[in-house]
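The values are calculated or read from the model by the stated rules, or taken from the named source; none is laboratory data. The structure displayed is predicted, hence computed values, not measured ones. Note that we place each Cβ from the backbone using ideal geometry, even for glycine, and neighbour counts take in every protein chain shown.
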Amino acid sequence: MDIANAGYEVVVVERLPSIGGHMLQLSETFPTLDCSQCILTPRTVEVGRHEKIKLYTYSEVESLEGEVGNFRVRIRRYPSYVNWDICTGCGVCQEKCPKRVISTDFERGIGKRKAIYTLSPQAVPNKPVIDPENCLYFTQGKCRVCERFCPVGAIDYNQKERIFEEEVGAVIVATGYELLPLTELGEYGAGTIPDVIDSLAFERLLSASGPTAGKILRPSDGKEPKVVVFVQCAGSRDPERHMPYCSKICCMYTAKHAMLYKHRVHDGQAIIFYIDIRSAGKGYEEFIHRAVTEDRVLYIRGKVARLYQEDGKVVVRGVDTLSGRQVEIAADLVVLAVAMVPRPETRALAEKLGLRLDEHGFLEEEDRNFAPLESGRPGIFLAGAGTGPKDIPETVSQASGAAGKVLSLFSQWG
Amino acid sequence: MKKMARIGVFVCHCGFNIAGVVDVKRVVEEIKKLPDVAFAADYKYMCSEPGQNLIRQAIKEHKLDGVVVAACSPSMHEVTFRKAAASAGVNPYRTEIANIREQVSWPHQNYPEEATLKAIEVIRTIIEKVRYDESLIPLGIPVIKKALVIGGGIAGLTVALDIANAGYPVILVEKGEELGGKVRRLSGLYINFNAPDGFLEEKIKAVMEHPNVTVLTRSEVKEVGGYVGNFIVKVETPSGEKAFDVGAIVVATGFDLYPLQALGEYGGGRYPDVITALEFERMLRDGLKRPSDGKEVKSVAFVQCAGSRDPQRHRPYCSKICCMYIAKQASLFKQKVPDGQALVFYIDIRSQGKKYEEFVQRAIVDYGVLYIRGKVARVYEEGGRVFVRGVDTLSGRPVEAEVDLAVLANAVVASPGTEELAKRLRVATDAFGFFQEAHPKLRPVESLTAGVFIAGAAQFPKDIPETIAQASGAAAKVLGLFAQRELIQEPTVAYVVEELCSGCGLCIEACPYEARALHPWKGIATVNVALCQGCGACAVVCPNKASRVRNFTPLQYLAMVEEIAR
């Protein structure tokens, strides 16, 4: 938006069918508890209708040639099996599609979608894609219900991958993060305990437009959990087994999770295990204080050693390092603040763009202190959590910073 | 007698978002019966291309002169629909949104009958508004493509260079003798211990030699007038007062440390060997000699959160950067004095940043810095030694350390003069005197005053990489502004009905944007349309209904209320 508003053309390449990223999955945001979708969707809509912005969603960068001022990008667009030029986004196909699939990505396994779907109700662009791995026509050769009901004949089962070429003067890489998969966390049940979920799944439970319409219901039996344990640093600050680094944002979102849980389940108990509380940001310390004093969230300083299932409960075992005693809590639901890791595609992309990565696969800045937006390759800039964990304000400032670098460059060329 | 009109009403289903609750067909039937509704229809997604076409076609076929789109919040698609209607010949300001999603279908999901009735009522009301809407033309305001940057530290230097490199002139005003700010006073930086000197000198040189930058040191901004794109700034310089016309202002005034004297419990200001971390930075550069007797420092106690995270006595917030610079100082001290002892008292270790956690681990494992979890209760000097007393909250036992020197990580506070500067700029500050950003999430580098931006620790404590990234962000906002040929201002601003105005001045007091003034000789109030944001505060206080907002007039509101009351 910053670049387009300055009058230059922007090409946005997004891997998913629609723009908005992880922020669209969030319920409310700390420390103001603004509804995430309410503040983000006006911006995605603005991007979608901006005359200077060209969107390539469901696409990835195939290759990049040339140099600053004169890059040639090849973009691979995956087949959506829907002709987006004529699709009106009416949604009939999704309504009629008989195949329900558990949405592992957007809904984090908590909710379902159809085999033809958009990521969220206010997706930009609001055009569906068919997931050929689950579509009955692609897997069994019959059905074609969407084709039959589509009022404009937009379904196209024969659509092929397409390659587009664009010429650009500068590139910004803003590929973001992913959460460490639960299966990596053996000590916490390795994803086999249904009532042990990650923080993004909990966001979906909290979200008013999520699969439970904002009701806190645990996955195993759909009951409202009365004791919820939040485990911070799940996979972070753990050089022996997992990631040595701190994931930066978990302290704050966990406090928010516990707070929102208490707002929804008044007689519930929220317990947080932490090593250090890291609330360094404007209004952040005060936010934690509010969670403790007003919402009576219980903070226990200590790392959780083990989780296991027993009698319909999840038993949480750890040590309270302030009293030095062992603690054992029978929880109804456990939410893990899982380590943030780079998107798996970052490595391949970095190779295509000729960028350096650190040992964890995050994009490397030209200089950590003095050139945090430059990639080391002239004309390519970095923004957001692709370089390492960042919260929303930091990401937004940094993204504007990267835009500033591009504008500085473009203005010189006139 | 009501004004005649030919209004078209377009009811959106928003998939099931609206149609799943509100009976849209019934809404259309009811609305069609109303006088002056020349056309009404519903559609699945009005914002889609076919939906917009429906509006354009209806405007032409039915000769509509006003449009009501009953759909989602105006913050989503008002612009979309205004553009669509304008392309078919209806003035965009005669196109209004009736919000039947956020205000009807979403909050009343379980009451479809009542929701449908409410939707009809909301639409009827908006029809009355459109009936009296004027056709307006957006205002164009010219932009002076020159920026003022206040503060010559790392944030200000970065902003100035980014803007100057893009080809625009910049006035850089610095209160002190020289550029470079706090970074100039630092020894090595985390996380690589490199001294900042080379980089800083390079940056200062680039600024000083840049043909687009005018550097004014020992200077202060004394007066700010005007508005976005057209500020008039008076700067007091050693060679007298100078005035500049600028289009944008970036505040990069940095931070200061909470005064040592205010930290009585730590002996701040009383004992020479209790110093601030910035003084210790100097010692790391110039030699580790004790201030009291010049003896070599062999043991240091670092006290974190000195004045931070202390809502009872000092500041409630966390100062963000101390955990990291203390780990760095302790490591640097151990590099220089390998047989020395470094103790760090902390509450939580906040090493959030790329490679920061690893950096603190190195301080502990490789440099042997001893971390003690607990807040320090007292620091005192006796017999030439410094004693630091606290509780180790992990063992639950009291600890007392005897050291040569105590280094306090004083809270980071707003730099002196921020309050006055904020007033001159008409920019808000927060409870602790830092500049307030427009939105904590999505507009972190903008102030709520159009054309004034914020960079660096003036907004809140920030470390170097964050400051630099954010400073470039502020520069981007300025460059975005300068890229406009003229600023488009919404024409829905206040105006004065001259024959009704008594010149009482209530509107001038009520206006939060300083857009109102008394005419020098006519004795009536005036409106500066470039400053007016159309908030309507003046219209509310005006006893004579002389101050009005375009397309939000009393006539319109009475018609709308009448429609609800019917």
Conditions (1) facing chain B (nearest Cβ under 8 Å); (2) more than 25 Å from B:L481 (Cα to Cα); (3) surrounded by fewer than 24 Cβ atoms within 10 Å (Cβ to Cβ); (4) touching a strand residue (DSSP E or B) at 6+ places or on another chain (Cβ under 7 Å) -> A:G361 fails only (1)
Per the list (1) without any contact (Cβ under 8 Å) to a residue 24 or more places away in the chain; (2) more than 7 Å from chain B (Cβ to nearest Cβ); (3) acidic (D, E), residue check on A:E394 breaks on (2)
Here the qualifying pairs (Cβ atoms under 8 Å; residues six or more apart or on different chains; first in segment B:38-67 and within 18 Å of B:G15 (Cβ to Cβ); second at pLDDT 90 or above and of a type in the set (S, T, Y)) come out as B:P50/B:Y43; B:G51/B:Y43; B:L54/B:Y43
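Working only within segment B:432-459, note down all residues that are aromatic (F, W, Y) and surrounded by fewer than 18 Cβ atoms within 10 Å (Cβ to Cβ).
Selection gives B:F432 alone.
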Conditions (1) assigned to a loop (DSSP other than H, G, I, E, B); (2) more than 12 Å from chain A (Cβ to nearest Cβ); (3) surrounded by 16 or more Cβ atoms within 10 Å (Cβ to Cβ) -> B:Y168 fails only (2)
Among (1) away from chain A (no Cβ under 14 Å); (2) in a loop (DSSP other than H, G, I, E, B); (3) not aromatic (F, W, Y), B:R56 falls short only on (2)
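Just give me the residues in segment A:164-212 being assigned to a helix (DSSP H, G or I) and of a type in the set (G, A, S), in sequence order. Even if it seems obvious, please write down each step before you answer.
Let us first name the residues in segment A:164-212 that are assigned to a helix (DSSP H, G or I), namely A:182-184, A:186-188, A:199-206.
Those that are assigned to a helix (DSSP H, G or I) and of a type in the set (G, A, S): A:G186, A:S199, A:A201.
So which of A:I275, A:I288 is within 14 Å of chain B (Cβ to nearest Cβ), under 24 Å from the mean Cα position of the chain (by Cα) and closer than 23 Å to B:Y317 by Cβ?
After ruling out the rest, the residue left standing is A:I288.
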Is it the case that some residue within segment A:257-269 is of a type in the set (F, W, Y), within 14 Å of chain B (Cβ to nearest Cβ) and within 24 Å of the chain's Cα centre (by Cα)?
no
By residue number, the members of segment B:347-376 that are within 13 Å of another protein chain (Cβ to nearest Cβ), buried (at least 23 other Cβ atoms within 10 Å of the Cβ) and not in a helix (DSSP H, G or I) are B:I349, B:R350, B:S351, B:Q352, B:G353, B:K354
Does at least one position in segment A:295-306 carry a residue that is β-branched (V, I, T), assigned to a loop (DSSP other than H, G, I, E, B), under 27 Å from A:G222 (Cα atoms) and away from every other protein chain (no Cβ under 11 Å)? yes
Here the residues within segment B:95-104 that are in contact with a helix residue (DSSP H, G or I) (Cβ under 6 Å, 6 or more places away or on another chain) and assigned to a helix (DSSP H, G or I) are B:V104
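Per-residue answers, yes or no, for (1) over 30 Å from A:F273 (Cα atoms); (2) in contact with a Leu (Cβ under 8 Å, 6 or more places away or on another chain):
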site: A:E345; (1), (2): yes, no
site: A:G361; (1), (2): no, no
site: A:N369; (1), (2): yes, yes
site: A:A383; (1), (2): yes, yes
site: A:G386; (1), (2): no, yes
site: A:P393; (1), (2): no, no
site: A:S397; (1), (2): yes, no
site: A:A403; (1), (2): yes, no
site: A:L407; (1), (2): yes, yes
A:K352: passes all of (1) within 20 Å of the chain's Cα centre (by Cα); (2) more than 12 Å from chain B (Cβ to nearest Cβ); (3) within 20 Å of A:G66 (Cα to Cα) but (1)
For segment B:378-406, the count of residues that are in contact with a strand residue (DSSP E or B) (Cβ under 8 Å, 6 or more places away or on another chain) and closer than 30 Å to A:C250 by Cα equals 5
B:I144 passes all but one of the listed conditions (1) crowded, with 24+ Cβ neighbours inside 10 Å; (2) of a type in the set (V, I, T); (3) touching a Gly at 6+ places or on another chain (Cβ under 8 Å); the exception is number (1)
Quick check: anything in segment A:292-315 within 22 Å of A:R237 (Cα to Cα) and free of Cβ contacts under 8 Å to residues at least 24 places away in the same chain? no
Of the residues in segment B:308-346 that are in a loop (DSSP other than H, G, I, E, B) and more than 25 Å from the chain's Cα centre (by Cα), the one that is nearest to the other protein chains (Cβ to nearest Cβ) is B:D310
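Only one residue in B:A252, B:A206, B:A248 is farther than 30 Å from B:I326 by Cα, within 14 Å of chain A (Cβ to nearest Cβ) and crowded, with 20+ Cβ neighbours inside 10 Å, so which one is that?
B:A248
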Out of (1) modelled with pLDDT under 95; (2) crowded, with 24+ Cβ neighbours inside 10 Å, the one B:Q312 does not meet is (2)
Of (1) without any contact (Cβ under 8 Å) to a residue 60 or more places away in the chain; (2) surrounded by fewer than 19 Cβ atoms within 10 Å (Cβ to Cβ), A:G153 satisfies every one except (1)
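Quick grid of which residues meet (1) more than 30 Å from B:N410 (Cβ to Cβ); (2) touching a Phe, Trp or Tyr at 6+ places or on another chain (Cβ under 7 Å); (3) modelled with pLDDT of 95 or more:
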site	(1), (2), (3)
B:P461	no, yes, yes
B:A471	no, no, yes
B:R485	yes, no, no
B:Q489	yes, no, no
B:E514	yes, no, no
B:I524	yes, no, no
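Answer yes or no as to whether B:A414 is within 14 Å of another protein chain (Cβ to nearest Cβ), within 17 Å of B:I150 (Cβ to Cβ) and either exposed (fewer than 14 other Cβ atoms within 10 Å of the Cβ) or modelled with pLDDT of 95 or more (or both). Please lay out each step first, then the result.
Values: within 14 Å of another protein chain (Cβ to nearest Cβ): yes; within 17 Å of B:I150 (Cβ to Cβ): yes; either exposed (fewer than 14 other Cβ atoms within 10 Å of the Cβ) or modelled with pLDDT of 95 or more (or both): yes.
Yes.
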Those residues of segment B:171-203 that are over 26 Å from the mean Cα position of the chain (by Cα), among the β-branched types (V, I, T) and away from chain A (no Cβ under 12 Å) come to a total of 0
Per the filter on segment B:462-481, residues surrounded by fewer than 24 Cβ atoms within 10 Å (Cβ to Cβ) and more than 8 Å from chain A (Cβ to nearest Cβ) are B:D463, B:L481
(message) Against the condition at the interface with chain B (Cβ under 10 Å from one of its Cβ atoms), within 29 Å of A:N5 (Cβ to Cβ) and among the polar types (S, T, N, Q), how does A:S375 come out, does it pass?
(response) no
Residue count, segment B:171-189, condition touching a Gly at 6+ places or on another chain (Cβ under 9 Å) and in a loop (DSSP other than H, G, I, E, B), comes to 6
